[in-house]
Amino acid sequence: MADDGSAQSKTVWPLPKFHFQVKWDSTVMSFQEVSGLSIESTPIEYRHGDSPAFSAIKMPGIKKFGNVTMKKGIFVADNKFWDWFNQIKMNTIKRVPVIISLLDETGKPTMVWTLANAWPTKITGTDLKAEGNEVAVETIEIAHEGLTIANA
């Protein structure tokens with residue numbers, strides 16, 4: 001009798017990355033790609049003068065969060081990115097939470113990344129080709145002040 005996989009443990013396979021959702025403030029938006037979910041701690045090198053080791057030690061320093069890049073198709077009269085970007089005035093911008101969820105086969109979140117105080121730092125419109133056969137895609141780069149990860 002063939003194995004239909006029904007008795008398989010849910011922890012055997014890693015999650016696929018193609019089923020995800022992005023909540024922008026309180027609006028669900030559709031994106032083709034999300035990248036840049038990264039955090040790092042800048043190392044601080046230190047050595048005191050009477051150290052018996054002739055090398056520096058490394059300590060964790062300030063945390064840095066990478067900008068998140070999102071790509072989506074362009075739709076008629078959809079200017080949300082540009083409207084948000086045009087709100088930038090000297091040192092002021094509307095900051096919103098952005099929640100990115102990796103979904104399971106039933107559509108429930110399994111892993112959730114939350115960007116705190118996100119705002120647009122760069123928008124790139126589509127390239128145009130007279131002989132192209134692709135969808136028009138625009139890109140937004142988001143700066144933020146914190147990244148938290150939770151398992152739903």
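The values are calculated or read from the model by the stated rules, or taken from the named source; none is laboratory data. These numbers were taken from a predicted model, which means no experiment stands behind them. Note: accessible area is taken over every heavy atom of the protein model, side chains too, but ligands, DNA and RNA are not part of it. Shrake-Rupley method; radii C 1.70, N 1.55, O 1.52, S 1.80 Å.
Observations on the model:
- Gain upon complete extension [residue 78, residue 127; 0.36 nm per residue less C-alpha separation]: 15.9 nm
- When every Cα-Cα distance of the chain is counted in 5 angstrom steps from zero, the calculated P(r) takes the values 2, 7, 13, 15, 14, 12, 10, 8, 7, 6, 4, 2, 1, 0, 0 percent.
- Computed from phi, the 3J(HN,Hα) profile of segment 48-62 under the Karplus parametrisation 6.51, -1.76, 1.60 (θ = phi - 60°) reads 8, x, 9, 5, x, 8, 8, 8, 7, 9, 10, 10, x, x, 5 Hz, with x in place of Gly and Pro.
- Segment 55-91 and segment 124-142 have their alpha-carbon centroids 19 Å apart.
- With all protein chains in place and a 1.4 Å probe, the accessible surface of segment 107-150 carries 53 percent carbon and sulfur.
- Mean ellipticity per residue at 222 nm, deg cm²/dmol - from DSSP H runs of n ≥ 4 across the chain, formula -39500 (n - 2.57): -1000 deg cm²/dmol
- Alpha carbon Rg of segment 5-94, scaled by the compact-globule rule 2.2 N^0.38 Å: 1.85
- Solvent-accessible area of residue 128, all protein chains in place: 150 Å² (probe radius 1.4 Å, heavy atoms, ligands and nucleic acids excluded).
- In a fully extended conformation the segment linking residue 33 and residue 91 would gain 18.0 nm over its present Cα-Cα distance, using 0.36 nm per residue.
- Per residue, in Å², the accessible surface of segment 54-140 once ligands and nucleic acids are set aside, probe 1.4 Å: 69
- Considering segment 71-131, its Cα convex hull presents a mean projected area of 6.8 nm².
- Among the listed pairs 23/129; 23/80; 17/71; 23/94; 17/80, a Cα-Cα separation exceeding 22 Å is found for 23/129; 17/80.
- Scalar couplings 3J(HN,Hα) for segment 117-124, obtained by applying the Karplus form with A = 6.51, B = -1.76, C = 1.60 to θ = phi - 60°, are 6, 6, 8, x, 10, 7, 10, 10 Hz; x denotes Gly and Pro.
- The mean sequence distance of close C-alpha pairs (under 8 Å, at least 6 residues apart), as a share of the length of the chain, puts its relative contact order at 24 percent.
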